[in-house]
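Structure first, then comments.
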Amino acid sequence: MSSSSSSSSSSSSSSSSSSLLSPLQLPMKPIPGDCGHTFFGPFRDRLAYFYHEGRDKFFENRIQKHKSTIIKTNMPPGPLIASCPRVVCLLDAVSFPVLFDTSKVEKRDVLDGTFLPSLAYTGGHRVCAYLDPSEPKHTSLKSFILSTLSARHHKFIPLFQTGLSELFNELEAQISSKKEAYFNTLSDTMSFNYVFRLFCDKSPSETRIGFKGPKLVDKWLLFQLAPLGSLGLLPNLLCYFEDILLRTFTFPFFLVKSDYKKLYDVFYEFGSSVLDEAESKFGIERDEACHNLVFLAGFNAYGGMKVLFPGLIKWVALAGQKVHKKLADEIRTTVEVEGGVTLSALNKMVLTKSVVYEYLRIDPPVPFQYGKAKVDFVIQSHDAAFEIKKGEMIFGYQPFATKDPKVFENPEEFVGDRFVGEGEKLLKYVYWSNGRETEETRAGNKHCAGKDLVVLLCRVMVVELFLRYETFEVESGTFMFAPSVTFKSLTKVSSP
């Protein structure tokens, strides 16, 4: 991207959330789009979104139709679950950051979009993820979460290395016996064990839930998020049946009540040091703190890792053997010089860092962001300005923002060294964490509390992979909310 293009993008980005008048004097236009009938419009749009067009094509077709990257449409699930599915949709890098500006948008109860799952799934509490920063409990709950993570920073790398070693051993064993290995199941087990050990200082296998942790959380997550998912059926009679099943009524909590109680009880018992701090330091009642801990560990951390790690493996595999060779050379040289996989060593691996950021850019693990307008304001795309009215729901589809061709050259291509050298300046357009990659998470914003930990773990996974293997091949697809990855081969590092 030329320097003039970069300057223009930066100027547009800052102006989109700073004033009502455009310094570039972009033309004011009405927001285009057709939401249709109150009931039939959302039904039409969700069939197109899930079955007839698919997610990316759904947005791409409407950009082409309306000649605009800011449009009006309906988002799932629609009636009867969501009474108001109409949204203003942001599909470029310039307009998207307004969703981070909590002076303009409210983040109350918008984690899952236009509907809120029953609070029975969280013990009757609105956990931190559901709160707007203006709400009194938000600061104390997020401060508690940040403090909990900070107190365990020394465990991040060694604990993850232990889990990765177990995972790689099992991958090798399965490939040896079955000629392939399904990564997702192994990754889920490793992820849950890591999260539980991090917060509870004990392996879940030593508790009453044994090896059932991932299945317990999976069921709890599925019943909350089912209205937003699909099995990927082709447009036929089965897809209509699936749509009615998943998006007519929410699944009742009693179906997973006993599973959730098992999770709650085990975190209450073995996460006692975390809960003690919540009570003594932050004044949070123990029951509410425990429900927040389960949500943090199960939804935010483990639920995020279910998507994060398969996606990382998929894209690193697709990068090809030339990139694998460059990564292996950088990683092994740096580890030898630094004497191990330390934070200092990781910070010196510029290509490894860039590869992780490129994955988070091209395929962000959480592709959606929502916010409700607190006030009337004007928002800008690259070429026009639009008025947002107070109370309107704003939706951002992040993959289109972080693959904006007016910001990124060859945006659909995975470029491993995109963020090396001068490319680091583009990190402000990487939005995966509900904020810019260049900005810090704080108790007073909605930036992901585990932002730095996510990036760190992705880097450690890449490092450990290429300390152990020269290259690898996978087959990938999609199932529900996550990439589906199967290892077909692993080429181990030759003995010296």
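Of the trypsin sites (Lys or Arg not before Pro) in segment 156-212, which ones lie in a loop per DSSP and count no more than 13 other C-beta atoms within 10 Å?
Working: sites: 178, 179, 197, 202, 208, 212; in loops: 179, 202, 208, 212.
In loop regions of segment 156-212 (DSSP not H, G, I, E or B), the sparsely surrounded trypsin sites (Lys or Arg not before Pro) are 179, 208.
Excluding same-chain neighbours fewer than eight residues apart, the lysines reachable from residue 178 by a Cα-Cα span under 29 Å are 212, 215, 219, 306, 314, 322, 325, 488, 492. When the charge dipole of segment 229-318 is built from unit charges on Cβ atoms (+1 for Lys and Arg, -1 for Asp and Glu) and taken about the Cα centre, the candidate among 229, 239, 301 whose Cα reaches farthest toward its positive end is 239.
Compute the orientation-averaged projected area for segment 229-331 from the convex hull of its Cα atoms and round it to one decimal in nm². Before the final figure, lay out each step's value.
Working: hull surface 47.2 nm².
Dividing the Cα hull surface by four gives the mean projection, 11.8 nm².
To the nearest 0.05, what FRET efficiency results for residue 390 and residue 180 with a Förster distance of 56 Å applied to their C-beta separation? The partial results should precede the final answer.
Details: r = 54 Å, r/R0 = 0.96.
That pair, residue 390 with residue 180, gives E of 0.55.
With the simple spin-label model, which puts each label point 7 Å out from Cα in the Cβ direction, the residue 67 to residue 383 separation comes to 0.8 nm.
Please give the residues of segment 154-172, grouped as numeric ranges, whose backbone N is less than 17 Å from a label point set 7 Å along the Cα-to-Cβ vector of residue 338. Within reach of a label on residue 338, which here means backbone N under 17 Å from a point 7 Å along Cα→Cβ, segment 154-172 contributes 154-162.
With contacts taken as Cα pairs under 8 Å at a separation of at least 6 residues, the chain carries a relative contact order of 24 percent. Once the Cβ-Cβ distance between residue 240 and residue 452 is put in as r, and R0 is 51 Å, what FRET efficiency do you end up with, to the nearest 0.05? Rounded to the nearest 0.05, the efficiency is 0.70.
Given [x] 21, 53, 25, 1; [y] 22, 57, 20, 0; [z] 17, 33, 30, 17, 3, 0 as candidate values of P(r) over Cα pairs in 20 Å bins from 0, in percent, which corresponds to the one derived from the coordinates? Correct label, based on the coordinates given: [y]. Across segment 390-496, Cα pairs under 8 Å and at least six residues apart give a relative contact order of 13 percent. Taking label points 7 Å from Cα along the Cα-to-Cβ direction, residue 215 and residue 152 give a separation of 2.4 nm. Excluding ligands, DNA and RNA, the accessible surface per residue across segment 35-165 is 37 Å² with a 1.4 Å probe.
Put a plus charge on the Cβ of each Lys and Arg, a minus charge on the Cβ of each Asp and Glu, and nothing anywhere else: the dipole of the chain about its Cα centre is then about 540 debye. Note on residue 287 and residue 484: the model spin-label points, each 7 Å out from Cα along the C-beta direction, lie 4.1 nm apart. Of the chymotrypsin sites (Phe, Trp or Tyr not before Pro) found in segment 138-247, those in coil by DSSP whose Cβ has at most 12 other Cβ atoms within 10 Å are 211.
Rounded to the nearest 20 debye, the dipole magnitude of segment 123-281 is 160 debye, with +1 charges on Lys and Arg beta carbons, -1 on Asp and Glu beta carbons, and the Cα centre as origin.
Taking Cα pairs under 8 Å and at least six residues apart, what relative contact order does segment 128-255 come out at, in percent? Intermediate results must be reported in sequence, preceding the final value.
On the way: 63 pairs, mean separation 19.0, N = 128.
It comes to 15 percent, rounded to a whole number.
Taking GluC sites (Glu not before Pro) in DSSP loop conformation with at most 10 other Cβ atoms inside 10 Å as exposed sites, the chain has its longest uninterrupted site-free stretch at 1-411.
Across segment 455-473, no residue has a backbone nitrogen under 15 Å from the label position 7 Å along the beta-carbon direction of residue 205.
Let's test the formula: R0 of 45 Å, r as the Cβ-Cβ distance of residue 38 and residue 265. What FRET efficiency results, to the nearest 0.05? Computed FRET efficiency for residue 38 and residue 265: 0.55. Estimated at 0.36 nm per residue, the fully extended path between residue 134 and residue 494 surpasses their Cα-Cα distance by 124.0 nm. Assign one of three labels to segment 411-493, namely rounded, prolate or oblate, based on the Cα gyration tensor with a ≥ b ≥ c the square roots of its eigenvalues; rounded applies when a/c is under 1.5, prolate when it is not and a/b is larger than b/c, and oblate otherwise. Since a/c reaches 1.5 and a/b is larger than b/c, the shape of segment 411-493 is classed as prolate. Each listed q (0.12, 0.14 Å⁻¹) maps to a log10 I(q)/I(0) for segment 105-247 from the Debye sum over equal C-alpha point scatterers, namely -0.77, -0.99. Computed from point charges on the beta carbon alone (+1 for Lys and Arg, -1 for Asp and Glu), the dipole magnitude for segment 259-369 about its Cα centre is near 800 Debye. Loop-located chymotrypsin sites (Phe, Trp or Tyr not before Pro) across segment 447-496 with a Cβ neighbour count of 16 or fewer within 10 Å are lacking, with loop assigned by DSSP.
The values are calculated or read from the model by the stated rules, or taken from the named source; none is laboratory data. Bear in mind the structure is a predicted one, so any value in this text is a computation, not a measurement. For neighbour counting, all protein chains shown are included, and Cβ atoms are generated from backbone atoms with ideal geometry for every residue, glycine included. For accessibility, only protein heavy atoms count, side chains too; no ligands or nucleic acids. Shrake-Rupley method; radii C 1.70, N 1.55, O 1.52, S 1.80 Å.
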